[in-house]
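Here the structure comes first, spelled out in structure tokens, and everything after it is commentary.
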Amino acid sequence: MEKRVILALVLSLAVLFLYQQFAVKWIAPPPAKNAPVDKGAPEHSDQGKKSVEGSSGVPSIKQKETTPVIESAEETVIVETPLYKAVFSSRGAGIKSWVLKNYKEDLEQTAGAVEMVTPSLLDEYPLHDKLMKGAASEIIYFKPSKSNISLNSGQKQELIFIGQSKDGIRIEKRYAISASSYSIQTETTVLNNSANQFDGQLATGLTASVKFLEKRGGSYHKGPISYSNGKVLTKDIKEGEETLAGKILWAGLEDMYFISVVTPQKPENVKWSTITTKDMVRVAALAPISLIPSAHVSLGYTAYIGPKEMDILTAQGVHLEDSINLGWFTFLAKPFLIAMNFLYLYIPNYGLVIILLTVIIKILFHPLTKKSMDSMKEMQNVQPQIAALREKYKEDKEKMNRELMELYKRYKINPVGGCLPMVLQIPVFIALYNVLGASIELRHAPFMLWIHDLSAPDKLAQIPAAIPYIGGSAFGPLPILMGATMLIQQKMTPSTMDPAQAKMMLIMPIVFTFMFLNFPSGLVLYWLINNVLSIAQTYYIQKAAK
């Protein structure tokens, strides 16, 4: 039993790493079901108020815009805060550019800051407003209240866009901008200045090119994301149109480290869909509008366009922090991420923080590790007797099992006691593994010497592409040291395996070394330090037992 449990443990760890490296890239989430139609929703009132869960569904992507656009010269407004520099456009009152000042595209000195909007986007800008009436839609050209806004820390200001459709529908869009936040408050007021009733929809959303999203690094999800019925839902980028189901609190687009979402003030009034072509992906929000002449209605939402930092996302108060993919054991991973950020306040080097956090975890689990090793040592001591019983009763399995249980009882040995404490630690290791793999805090975070980015593989050289299986992989000291310490640890750990099985298990450090070549160096650093501490811990326990 001891051999099978140890083998299962090793294979479980291998499956964990293989899952993160390959399955996330190839296994697509199940498609969402179409949202049911709410037949009991109230109709529009004659006073021009909004309906709840009302009227028509989302127009098909194949429908054409039949209403011509009333074009005018595009005007832009430059908004600059300590956190970002944005360019707003009069075309739809959308965002043409949103550059995050505190994040660079890569580590090169000449690298530019991270751009959150697809450059040269010609279709529809993010947060772009459009009036829809049946199959027809109209892009409004607005007049901005300012040509530029510059805010210092603590300052706030409002940017107003005013436009009118060819049918006499007046739209006033107000952006409340704060220097200390990546989010902007938006209120759009629609006034029917015409002599006829207006029944239609106001559309907004977030748009990006497929290539723009896919070039963002990492193997984590990139594309549409939403928060529906208390859960985060993600969708792959594939051509087609789909209505988002459930009670959606917010929706938008994400990549590994950054996210753009829209949160309506009244989510029940909004219909959501994802629309993807060969080149573009769009998350669209449509609010039904029914206005008699001279009536008006106001629609509000908050847009967040920024990094996936736990503290910042949590402060939004809409479960936006759940967009950070922390894997199976999120309830353990979140405290680790909080602890890591807390330690960074006092030790401004995430490499040293990882080392300290690994030491703390090792100390907390020392009693379990000692119990495991003591049990494995006891099993090793009675191994000759176990082998003799198996040989003696090899023709009578039932008798052999009874004799083995008697042997365990006589020596007060738990046959799974050596592995059970280790199994209990696996959720902790997986949680910390996911924290180190998904945290934007490690992006471009230097450690020391040659390690300048803890989110990137340790790379002093590159393995030639001609070498099978590992060609093109990064090559650096950390994975090699990790494999070497894993081998030493394996040699020092008491084992009940026969010599042939023990030799077979020696291949595991080699397999793990190659697996870790392209893993983020922060992860490899954690595993290396964990191995070094395990070696010291094993030596201490074995010496104390003599």
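The values are calculated or read from the model by the stated rules, or taken from the named source; none is laboratory data. Note that the structure is predicted; figures quoted are calculated from it, not measured. Here the Cβ is made from the backbone with ideal geometry for all residues, glycine too, and neighbour counts use every protein chain on show.
The residues listed here are Met482, Met448, Met486; of these, the one that is within 23 Å of Ile535 (Cα to Cα) and either polar (S, T, N, Q) or out of contact with any Ser or Thr (no Cβ under 7 Å at 6 or more places or on another chain) (or both) is Met486. When segment 162-178 is filtered for residues that are within 34 Å of the chain's Cα centre (by Cα) and either among the aromatic types (Phe, Trp, Tyr) or part of a loop (DSSP other than H, G, I, E, B) (or both), only Tyr175 remains.
The rows are residues; the columns are (1) modelled with pLDDT of 95 or more; (2) polar (S, T, N, Q); (3) in the same structural domain as Thr538 (by TED's automatic domain parsing); (4) surrounded by fewer than 16 Cβ atoms within 10 Å (Cβ to Cβ).
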position	(1), (2), (3), (4)
Ala303	yes, no, no, no
Ala315	no, no, no, yes
Leu326	no, no, no, no
Ile360	no, no, yes, yes
His366	no, no, yes, yes
Thr369	no, yes, yes, no
Met376	no, no, yes, no
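What about Leu206, is it within 27 Å of Ile259 (Cα to Cα), assigned by TED's automatic domain parsing to the domain that holds Val261 and part of a loop (DSSP other than H, G, I, E, B)? Answer is no for this residue.
Just for segment 271-281: of the residues that are surrounded by fewer than 22 Cβ atoms within 10 Å (Cβ to Cβ) and in contact with a strand residue (DSSP E or B) (Cβ under 8 Å, 6 or more places away or on another chain), which one is nearest to Ala208 (Cα to Cα)? Even if it seems obvious, please write down each step before you answer.
Going residue by residue through segment 271-281, those that are surrounded by fewer than 22 Cβ atoms within 10 Å (Cβ to Cβ) are 271, 275-280.
Right, trim to in contact with a strand residue (DSSP E or B) (Cβ under 8 Å, 6 or more places away or on another chain) and you get 271, 275-276, 279-280.
Working: Lys271: 20, Ile275: 11, Thr276: 10, Asp279: 9, Met280: 6 Å.
Result: Met280.
Taking each residue of segment 96-109 that is assigned by TED's automatic domain parsing to the domain that holds Lys215 and touching a residue at least 60 places away in the same chain (Cβ under 8 Å) and looking for partners that are among the acidic types (Asp, Glu) and crowded, with 18+ Cβ neighbours inside 10 Å with beta-carbon atoms closer than 6 Å, six or more apart or interchain, yields Leu107/Asp453. The residues of segment 353-374 that are part of a helix (DSSP H, G or I) and in contact (Cβ under 8 Å) with a residue 60 or more places away in the chain, listed by number, are Ile354, Ile355, Leu357, Thr358, Val359, Ile361, Lys362, His366, Thr369, Lys370, Met373, Asp374. Can you confirm whether Gly252 is crowded, with 22+ Cβ neighbours inside 10 Å and within 23 Å of Val114 (Cβ to Cβ)? Yes; evaluated as a whole, the condition is true for this residue.
Selection of strands (runs of 3 or more DSSP E) fully inside segment 219-258 by the criterion of at least 2 residues being in contact (Cβ under 8 Å) with a residue 12 or more places away in the chain and either farther than 15 Å from Asn325 by Cβ or of a type in the set (Asp, Glu) (or both) returns 240-243, 248-254. Is it the case that segment 274-288 has a residue that's within 21 Å of the chain's Cα centre (by Cα) and assigned to a helix (DSSP H, G or I)? Checking segment 274-288: not a single residue is within 21 Å of the chain's Cα centre (by Cα) and assigned to a helix (DSSP H, G or I).
Looking at Gly483, is it outside any loop (DSSP other than H, G, I, E, B) and not assigned by TED's automatic domain parsing to the domain that holds Ser219? For Gly483, the condition - outside any loop (DSSP other than H, G, I, E, B) and not assigned by TED's automatic domain parsing to the domain that holds Ser219 - is met.
What about Pro264, is it surrounded by 17 or more Cβ atoms within 10 Å (Cβ to Cβ) and in contact (Cβ under 8 Å) with a residue 40 or more places away in the chain? No; evaluated as a whole, the condition is false for this residue.
All of Phe512, Phe516, Phe475 fail the test of being surrounded by 13 or more Cβ atoms within 10 Å (Cβ to Cβ) and modelled with pLDDT under 80, apart from Phe475.
Pick from segment 145-161 the residues that are out of contact with any Ser or Thr (no Cβ under 6 Å at 6 or more places or on another chain) and outside any loop (DSSP other than H, G, I, E, B): which of them is farthest from Lys130 (Cα to Cα)?
That would be Ser150.
Could you list all residues from segment 116-136 that are buried (at least 21 other Cβ atoms within 10 Å of the Cβ), farther than 20 Å from Gly168 by Cβ and among the aliphatic types (A, V, I, L, M)? If the condition is that a residue be buried (at least 21 other Cβ atoms within 10 Å of the Cβ), farther than 20 Å from Gly168 by Cβ and among the aliphatic types (A, V, I, L, M), then Met116, Val117, Leu127 are the ones that fit. Here Thr496 fits the description: in contact with a Lys or Arg (Cβ under 8 Å, 6 or more places away or on another chain), of a type in the set (Val, Ile, Thr) and either at pLDDT below 85 or not assigned by TED's automatic domain parsing to the domain that holds His366 (or both). Quick check on Ala339: is it at negative phi and touching a residue at least 60 places away in the same chain (Cβ under 8 Å)? Judged against the criteria, Ala339 is not a match. Return yes or no: is Ile259 β-branched (Val, Ile, Thr), assigned by TED's automatic domain parsing to the domain that holds Ile78, touching a Gly at 6+ places or on another chain (Cβ under 8 Å) and at pLDDT 90 or above? In short, yes.
Return a yes/no flag: does segment 137-144 have any residue that is assigned to a strand (DSSP E or B), in contact (Cβ under 8 Å) with a residue 60 or more places away in the chain, hydroxyl-bearing (Ser, Thr, Tyr) and buried (at least 16 other Cβ atoms within 10 Å of the Cβ). Looking for residues that are assigned to a strand (DSSP E or B), in contact (Cβ under 8 Å) with a residue 60 or more places away in the chain, hydroxyl-bearing (Ser, Thr, Tyr) and buried (at least 16 other Cβ atoms within 10 Å of the Cβ), one finds at least one in segment 137-144, hence yes. The set of residues in segment 237-254 that are within 16 Å of Glu214 (Cβ to Cβ) and at pLDDT 90 or above comprises Leu253, Glu254. Taking the conditions (1) under 10 Å from Leu517 (Cα atoms); (2) surrounded by 21 or more Cβ atoms within 10 Å (Cβ to Cβ) in turn, Ile451 satisfies each one other than (1).
Of note, Arg170 satisfies the criterion of being in the same structural domain as Leu286 (by TED's automatic domain parsing), over 28 Å from Ile225 (Cα atoms), of a type in the set (D, E, K, R) and touching a residue at least 12 places away in the same chain (Cβ under 8 Å).
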